[in-house]
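The block underneath contains the structure these notes are about, expressed in structure tokens.
The values are calculated or read from the model by the stated rules, or taken from the named source; none is laboratory data. Here the structure is a predicted model, which is why all the values come from computation and not from measurement. Neighbour counts are summed over all protein chains in view; Cβ atoms, including those assigned to glycine, are modelled from backbone coordinates with ideal geometry.
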Amino acid sequence: MRVTFKRKVLKNGMTIMLEKRNLPVVSVAFAVRNGGVNEKEEEKGISHFIEHMLYKGTSKRDAKKIADEIEKRGGELNGFTSEEITAYWCKMPSRHLNIALEVLGDMVKNPIFNEKELEKERKVIFEEIKMYHDNPRAHSLDEIQKLLYSGTMKINLVGTLKTMNSITRDKILNRFKEVYTPNNMILCVVGDCNFEDLVKFAEKNFKDEKGKISLEEFHPENESKIEERIGIDQASLIFAYHVPLADDEKSYAAMVLNSLMADGMSSRLFSEIREKRNLAYAVKGDSNINKTFAYNLIYIGTMKDNIEKVKELILKEFEKVASSLGEAEVKQIKEQLIGNYQISMEDSQQQMINLLAYELHGDAKEFYNFEKEIGKVKLADVKKLALNAKNNHSFFSLVPKE
């Protein structure tokens with residue numbers, strides 16, 4: 001796919017990125033290089049809390065006006081917080097690009113953090129915490145990360161009831177002033193837009209202010225845990241293993257291994273666990289590869305009595321890959337990943353997220369080298385990673401309580 005991509009770092013440190021498309025739709029995001037890994041354990045959830053509060057009003061717009069200016073023009077408005085980034089985005093007709101820039105720009109520059117709204121939103125986040133806990137799959141995904149890392153990574157991204165109760169307006173204001181500065185920000189647009197107009201907008205509306213972001217200390221670990229719960233009928237099992245960060249080639253090898261094992265109905269574990277033995281409905285894999293940490297995981301929903309059998313099948317399959325995986329199968333998986341990559345580019349919103357992820361690693365331009373990098377993955381690296389996964393991994397199981 002031929003694309004026109006431009007990227008520029010302004011004098012104030014803000015990064016501007018555009019993938020030009022001749023379609024009447026545009027996706028726009030203002031992102032901050034800050035998330036869960038930048039939070040102390042006692043303040044975990046503050047980045048996510050700030051994200052919520054930026055939709056509650058600025059000095060120019062209240063919450064309703066923020067939503068109205070985007071949605072009444074046919075747009076979608078949302079945001080997300082991850083361990084490494086917080087982003088505010090909208091997708092709308094490209095003729096309303098200026099509105100998107102003005103509204104999102106106002107949100108990240110001029111939030112008022114109204115005390116009454118803050119206390120109301122704190123209650124909303126309490127309900128969000130309960131929602132994730134009550135969802136077996138979401139809860140299991142949270143718990144496996146706690147078994148993989150020490151420090152701040154052992155606490156949920158949205159925080160806990162204790163940490164959320166400790167976050168005051170003053171703490172939010174201080175963190176906002178430290179982090180929401182141009183040198184920590186990325187403006188990413190995918191759609192019909194003039195790059196120079198983006199640059200002019202950013203230069204006009206964002207001053208040369210410098211902020212600071214600190215990375216909190218955490219280390220890889222491997223643990224196993226079984227948790228019982230009343231009121232569920234199915235057991236949720238997650239198998240996860242670390243991916244080396246020292247070499248980018250290892251990250252691409254991890255993507256190959258993830259797809260090989262649990263990406264789709266043609267994957268090895270889907271075939272072994274669901275198709276051959278009918279032990280599960282959901283067999284899904286994911287690669288969570290970031291700048292500061294990386295791991296692959298496999299999620300399986302099964303009966304409590306089948307947990308040990310499923311574990312045995314997973315480990316046996318990794319052992320088979322480590323010992324006998326061949327070049328032909330790796331070539332097929334590479335083709336699958338390249339196809340997935342091309343399909344992911346179709347939607348401007350997903351492409352915006354793709355580019356932000358690669359920018360966090362260093363430079364969004366590297367996204368367009370994906371096919372070349374996947375092509376360079378060596379059979380030996382995939383087999384080595386599979387052996388390491390077999391020998392060094394974490395298990396989490398959420399099972400029905402009798």
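Any chance you could count how many residues in the range 301-319 are part of a helix (DSSP H, G or I) and either touching a residue at least 24 places away in the same chain (Cβ under 8 Å) or in contact with a strand residue (DSSP E or B) (Cβ under 9 Å, 6 or more places away or on another chain) (or both)?
Kept after step one, since they are part of a helix (DSSP H, G or I), are these residues of the range 301-319: 304-319.
If we keep only those that are either touching a residue at least 24 places away in the same chain (Cβ under 8 Å) or in contact with a strand residue (DSSP E or B) (Cβ under 9 Å, 6 or more places away or on another chain) (or both) as well, we get 304-307, 309-311, 313-315, 317-319.
Result for the range 301-319: 13.
Count, please, the residues in the range 135-182 that happen to be assigned to a helix (DSSP H, G or I) and either at pLDDT below 95 or closer than 25 Å to residue 56 by Cβ (or both).
Adding up the residues that qualify gives 19.
Of the residues that make up the range 259-272, is at least one assigned to a strand (DSSP E or B) and either under 21 Å from the mean Cα position of the chain (by Cα) or within 24 Å of residue 335 (Cα to Cα) (or both)?
No.
If we keep just the residues of the range 371-394 that are hydrophobic (A, V, I, L, M, F, W, C) and without any contact (Cβ under 8 Å) to a residue 60 or more places away in the chain, which is farthest from residue 343 (Cα to Cα)?
The selected residue is 380.
Taking the criterion of being among the small types (Gly, Ala, Ser), touching a helix residue (DSSP H, G or I) at 6+ places or on another chain (Cβ under 8 Å) and farther than 24 Å from residue 34 by Cα, would at least one residue in the range 75-85 satisfy it?
yes
Out of contact with any strand residue (DSSP E or B) (no Cβ under 7 Å at 6 or more places or on another chain) and among the aromatic types (Phe, Trp, Tyr): which single residue out of 368, 341 fits that description?
341 is the lone residue from the list that is out of contact with any strand residue (DSSP E or B) (no Cβ under 7 Å at 6 or more places or on another chain) and among the aromatic types (Phe, Trp, Tyr).
Condition first: part of a helix (DSSP H, G or I) and farther than 24 Å from residue 350 by Cβ. Now tell me which residues in the range 52-64 satisfy that.
Selection gives 53, 63, 64.
From the residues in the range 136-177 that are of a type in the set (Ser, Thr, Tyr) and buried (at least 18 other Cβ atoms within 10 Å of the Cβ), which one is nearest to residue 215 (Cα to Cα)?
152
Give 307, 374 a once-over and let me know the one that is within 30 Å of residue 234 (Cβ to Cβ) and surrounded by 17 or more Cβ atoms within 10 Å (Cβ to Cβ).
307
Which residue out of 295, 368 is hydroxyl-bearing (Ser, Thr, Tyr) and part of a strand (DSSP E or B)?
295
Those residues that are of a type in the set (A, V, I, L, M) and either more than 27 Å from residue 149 (Cβ to Cβ) or in a strand (DSSP E or B) (or both), I need them from the range 16-46; list them, please.
Hits for the range 16-46 are 16, 17, 18, 23, 25, 26, 28, 29, 31, 32.
Find the residue count for the range 63-84, including only residues that are under 30 Å from residue 40 (Cα atoms) and under 25 Å from the mean Cα position of the chain (by Cα).
If we filter the range 63-84 for residues that are under 30 Å from residue 40 (Cα atoms), which is where we start, we get 63, 77-84.
Next, from what is left, pick out any that are under 25 Å from the mean Cα position of the chain (by Cα): 77-84.
Counting residues in the range 63-84 that are under 30 Å from residue 40 (Cα atoms) and under 25 Å from the mean Cα position of the chain (by Cα) gives 8.
Using beta carbons and a limit of 8 Å, which pairs, at least six apart or on different chains, have the first residue in the range 324-337 and surrounded by fewer than 12 Cβ atoms within 10 Å (Cβ to Cβ) and modelled with pLDDT of 95 or more and the second one in a helix (DSSP H, G or I) and of a type in the set (A, V, I, L, M, F, W, C)?
From residues that are surrounded by fewer than 12 Cβ atoms within 10 Å (Cβ to Cβ) and modelled with pLDDT of 95 or more, the pairs are 326/379; 327/379.
Condition test on residue 165, is it of a type outside the set (A, V, I, L, M, F, W, C) and under 30 Å from residue 91 (Cα atoms)?
Judged against the criteria, residue 165 is not a match.
Condition (residue is within 26 Å of residue 217 (Cβ to Cβ) and either crowded, with 18+ Cβ neighbours inside 10 Å or out of contact with any helix residue (DSSP H, G or I) (no Cβ under 7 Å at 6 or more places or on another chain) (or both)) applied to the range 259-266: is it met by at least one residue?
Filtering the range 259-266 for residues within 26 Å of residue 217 (Cβ to Cβ) gives none.
There is no residue in the range 259-266 that is within 26 Å of residue 217 (Cβ to Cβ) and either crowded, with 18+ Cβ neighbours inside 10 Å or out of contact with any helix residue (DSSP H, G or I) (no Cβ under 7 Å at 6 or more places or on another chain) (or both).
Does the range 187-195 include one or more residues that are in the same structural domain as residue 293 (by TED's automatic domain parsing), under 20 Å from the mean Cα position of the chain (by Cα) and at pLDDT 95 or above?
Checking the range 187-195: not a single residue is in the same structural domain as residue 293 (by TED's automatic domain parsing), under 20 Å from the mean Cα position of the chain (by Cα) and at pLDDT 95 or above.
So in the range 7-34, with the set limited to residues that are in contact with a strand residue (DSSP E or B) (Cβ under 8 Å, 6 or more places away or on another chain) and among the polar types (S, T, N, Q), which one is nearest to residue 212 (Cα to Cα)?
34
Which one is nearest to residue 347 (Cα to Cα) among residues in the range 65-99 that are in a helix (DSSP H, G or I) and small (Gly, Ala, Ser)?
94
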